[in-house]
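Rule-based calculations on the coordinates, nothing more; no lab input. The shown structure was predicted, so the numbers you read here are calculated from the model rather than taken from an experiment. All Cβ positions, even for glycine, are placed from backbone atoms using ideal geometry, and neighbour counts span all protein chains on display.
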Amino acid sequence: MDEVYLGPTQTTVPKIGLGTARYFGGRGVLVKGLAAGLRLIDTAESYNARGDEPGAAETLVGEELAGLWDDVFIASKISPRNLAASDVPVHARASAQRLGVEVIDLYQIHGPNPSIPIGESIGALERLVDEGLIRFIGVSNFSADQLKAAQDAARRYPIVSNQIRYNLFERDVADDVLAYCQETQVTVIAHTPLALADFDGHAGSGVLHEVSRSTGRTPAQVMLNWLVGQDGVIAIPKTDRPERVTELAGSVGWDLDAEQRRALDACA
């Protein structure tokens, strides 16, 4: 699996990881993903699983990856309503306990909360880095201006990532958020990178299928390769099917040619 640096750090993460929103587990997907190099596993305290209460996804991830943490880069997220300074450490420790880890590699603000000063939240997260409970600080669903405010509030540790909805068919972020992240060495973590597997309902679907045929790759592999071929972009597709892990891993290790990339760039 191809790896890239996380933000301005010297820590590397795979170009393709695995997301766990709406993940039901129990079929060895995460373990198979690790074996294929998809070692970044992303979850959140708000994700449920099997219809259970919020936080259940973290518990499920912890159960499936027990004993394998040396091979995992684990990312989780704190909900916007929990960003007060007194709440941040409580929720971070609860996430770590559900996951069964001593350290969360990447702890992300799941979305901005204008009612809580960003400096208060970032300060609390920086104290958790000092304590060793988390390694890196990230954000999610932040605009360029919101990201800049978070960066300005960070005193000792950088904001290393911004997780945003970004795929071949949904590019609202491309002109401002993506460009700003690339300019400031903030890794873009693309969630929903396969557009919920809707490969046919978009204006650019015909181009996608043509490139799929010409490369001998699946539409999902083409979409992911297009994403992670951009500077500073990684992706976290989700699957409940073990047989699809190999397909996801096969999204890298090859390159679209210039003509194919231009066609995809223009198809939105």
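Taking every DSSP beta bridge with both residues inside the stretch 1-152, roughly what % is antiparallel (nearest 5)? Write down the numbers at each step before the final one.
Details: 3 of 17 bridges.
DSSP beta bridges in the stretch 1-152 are roughly 20 percent antiparallel.
Describe numerically, in nm with one decimal, the distance between label points set 7 Å from Cα along Cα→Cβ at E131 and at D240.
3.5
If you take every DSSP beta bridge whose two residues both sit in the stretch 124-256, what share of them, in percent to the nearest 5, is antiparallel? Display every interim value, and only then the final one.
Working: 1 of 13 bridges.
That works out to approximately 10 percent antiparallel.
Would you kindly work out the equivalent ellipsoid of the stretch 1-111 from its C-alpha gyration tensor and give its semi-axes, the square roots of five times the eigenvalues, largest first in whole Å?
On the way: eigenvalues 92, 65, 27 Å².
So the equivalent ellipsoid measures 21, 18, 12 Å along its semi-axes.
How large are Rg and Dmax for the stretch 47-93 when calculated on the C-alpha trace, in angstrom?
12.4, 33
Restricting to the chain, what percent of DSSP beta bridges are antiparallel, rounded to 5? Don't skip to the answer; put the middle values down first.
Working: 4 of 31 bridges.
Percentage antiparallel, nearest 5: 15.
Relative to the longest principal axis of the C-alpha atoms of the chain, give the angle of the C-alpha long axis of helix 219-228, reported between 0 and 90° and rounded to the nearest 10°.
That works out to roughly 60 degrees.
Per 0.36 nm of contour for each residue apart, how much would the distance between A85 and Q182 grow if the chain were fully extended, relative to their Cα-Cα spacing? Walk me through the intermediate numbers first.
Numbers: separation 97, 0.36 × 97 = 34.92 nm, distance 2.93 nm.
Contour length minus the Cα-Cα distance gives 32.0 nm.
If R0 is 22 Å, what FRET efficiency do you get for R171 and A197 from their C-beta distance, rounded to 0.05? Provide the component values of the computation, followed by the final result.
Working: r = 18 Å, r/R0 = 0.81.
With a Förster radius of 22 Å, E is 0.80.
Mind listing the long-range amide H neighbours of S140? Cut-off is under 5 Å, sequence gap 5 or more, other chains count too, H placed in the peptide plane at 1.01 Å from N.
I109, G111, Q163
May I ask you to order 228-236, 197-205, 97-105 by the average number of other C-beta atoms within 10 Å around their residues, highest value first?
Working: 228-236: 20.3, 197-205: 13.7, 97-105: 18.2.
Highest mean packing first, the order is 228-236, 97-105, 197-205.
Would you work out the charge dipole size for the chain about its Cα centre, treating the Cβ of every Lys and Arg as +1 and the Cβ of every Asp and Glu as -1, and quote it to the nearest 20 debye?
Around 280 debye, computed over the chain.
Which distance in nm do the two modelled labels at R261 and V4 give, with both placed 7 Å along the Cα-to-Cβ direction?
Taking the two extended label points, one gets 1.1 nm.
To test your reading of the geometry: what angle, between 0 and 90 degrees and rounded to tens, separates the Cα axis of helix 205-215 from the longest principal axis of the chain?
That works out to roughly 70 degrees.
Given a Förster distance of 22 Å, report the FRET efficiency between T12 and Q230 from their Cβ-Cβ distance, rounded to the nearest 0.05. Can you show the working numbers first?
On the way: r = 17 Å, r/R0 = 0.78.
Calculated transfer efficiency: 0.80.
Report the gain in length on full extension from D70 to E102: 0.36 nm times residue separation, minus Cα-Cα distance, nm rounded to one decimal. Kindly include the intermediate steps, with their values, before the conclusion.
Numbers: separation 32, 0.36 × 32 = 11.52 nm, distance 1.16 nm.
Net length gain for the segment: 10.4 nm.
Report, largest value first, the span of the C-alpha coordinates of the chain along each principal axis, in whole Å.
Principal extents (Cα only, largest first): 54, 40, 33 Å.
May I ask which residue of T11, H191, W254 lies farthest towards the positive end of the charge dipole of the chain, with charges of +1 (Lys, Arg) and -1 (Asp, Glu) on Cβ and the Cα centre as origin?
H191
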